[in-house]
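K.L.:
Could you have a look at this structure, given as C-alpha cells, before my questions?
The values are calculated or read from the model by the stated rules, or taken from the named source; none is laboratory data. No experiment lies behind these values; they were computed from the predicted model shown. A quick note on method: Cβ atoms are made from the backbone with ideal geometry, for glycine too, and the neighbour counts reach across all protein chains shown. SASA here: full protein model, heavy atoms, side chains in, ligands and nucleic acids out. Shrake-Rupley method; radii C 1.70, N 1.55, O 1.52, S 1.80 Å.
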Amino acid sequence: MSGQDEDLDLAVRLLAGTPTHEGRAPLTLRRWALAASEFGSRMTPLALPVRVVERDGGLAAGLLARYRSRPPVVEIYVDTLDRAERLITERGWRHWFPEGSVRAAALAHEQAHAWLHHAHVRAEFKRALGHTALRLGRRRLYAHVAGADELAAHAYARASCGLGRSPLLLTEALAAVSRESEK
C-alpha cells in the first residue's frame with residue numbers, strides 16, 4: 001500500500017470518528033476524504049501577514065498549533081513541536097518529515113484554515129465535496145462536512161512543504177502517544 005493510500009485511509013478514519021458521521025457509508029466518507037485532500041493539495045492561499053506566538057501547554061491540550069482569526073494569530077505550541085520532532089526520529093520517519101518541517105507544516109496548516117474562512121473559498125470547497133443539503137430543481141445548497149477542513153489543511157501542508165506523508169500521520173501518532181502516557 002502506498003503512502004497516499006495510507007494517508008487516505010487515515011483521512012477516512014478521521015471522518016468516521018467525527019460526530020455526525022457515525023452512520024455514513026464508508027464509500028461516502030472515502031469520497032469526501034479524497035475530495036478534501038485533493039482540494040487542499042491544490043489550494044493557493046494568499047500569504048497574508050500573521051503574527052506567530054510560541055506557547056507551552058500544547059501536549060496537555062492536544063494541540064500543535066492553532067489559528068485565531070481575531071486578531072489574526074497563529075499559536076505554535078513548542079512542547080508539542082519538540083515532542084513531534086522526537087517522535088519522528090523514534091519512528092524513523094525523518095525521510096517523510098525533514099528536520100524543521102513540523103513547524104513549517106503547522107504554519108501551513110493554519111494558513112490553510114485561515115484561507116478556508118473566506119466565503120468564496122468555503123463555497124468552492126463545499127462544491128468540491130459535493131454534499132448536498134437541499135435541492136430545488138437544478139439548484140443545490142451544499143452542506144458543510146465536519147472534519148473535511150482538517151483534511152484539506154493537512155493536504156495543503158503536505159503539498160506546500162513537500163512532505164512524504166500527510167501531517168495527519170504525525171497528528172495521529174502524537175495522539176496515540178498522549179493516550180499511552182495517560183494510562
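K.L.:
So how many residues does the stretch 9-62 have that are more than 22 Å from Trp115 (Cα to Cα) and not in a loop (DSSP other than H, G, I, E, B)?
P.N.:
16
K.L.:
Is it true that Gly62 is within 22 Å of Leu163 (Cβ to Cβ) and open to solvent by less than 40 Å² (accessible area, probe 1.4 Å)? Before the answer, list the steps.
P.N.:
Values: within 22 Å of Leu163 (Cβ to Cβ): yes; open to solvent by less than 40 Å² (accessible area, probe 1.4 Å): no.
Judged against the criteria, Gly62 is not a match.
K.L.:
Here's something else I'd like to know. Taking the condition over 30 Å from Arg83 (Cβ atoms) and not basic (Lys, Arg), does Phe125 pass? Write out each step before concluding.
P.N.:
Values: over 30 Å from Arg83 (Cβ atoms): yes; not basic (Lys, Arg): yes.
Yes; evaluated as a whole, the condition is true for this residue.
K.L.:
Taking the stretch 138-183 on its own, how many of its residues are closer than 18 Å to Gly92 by Cα and under 8 Å from the mean Cα position of the chain (by Cα)?
P.N.:
2
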